[in-house]
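Remarks on the structure that follows.
The values are calculated or read from the model by the stated rules, or taken from the named source; none is laboratory data. Note that this is a predicted model, so its numbers are computed, not measured. Surface areas here come from the heavy atoms of the whole protein model, side chains and all, with no ligands, DNA or RNA. Shrake-Rupley method; radii C 1.70, N 1.55, O 1.52, S 1.80 Å.
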Amino acid sequence: MFHEYREEITKLKSTNAHFEKIFDEHNELDQKIKNAEDGIEPLPPMEIEVLKKQKLRLKDEVYAMILEYRKNAH
């Protein structure tokens, strides 16, 4: 996720506990969704949709924090 912002993500993860928490939470949700879709961890379709929406909200928050960091870093 956001490979073009690798440097910013590394800095934010080391200096912002909230950013690190939501970034890790996003990755955990991503893996859980993949496992469900691959049949490794069966979940009802409705629950998968809920997880996808949570993941998207976290991704939006991560992206906003990256943009804010970039704006303030320059």
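What are the residues in the range 9-65 that are among the hydrophobic types (A, V, I, L, M, F, W, C) and under 12 Å from the mean Cα position of the chain (by Cα), if any? Reasoning before the result, please.
Applying the first criterion (among the hydrophobic types (A, V, I, L, M, F, W, C)) to the range 9-65 yields 9, 12, 17, 19, 22-23, 29, 33, 36, 40, 43, 46, 48, 50-51, 56, 58, 62, 64-65.
Result: Ile9, Phe19, Ile22, Phe23, Leu29, Leu51, Leu56, Leu58, Val62, Ala64, Met65.
In the chain, counting only helices (runs of 4 or more DSSP H) that sit wholly within it, the ones holding 2 or more residues that are of a type in the set (S, T, N, Q) and open to solvent by less than 80 Å² (accessible area, probe 1.4 Å) span 17-37.
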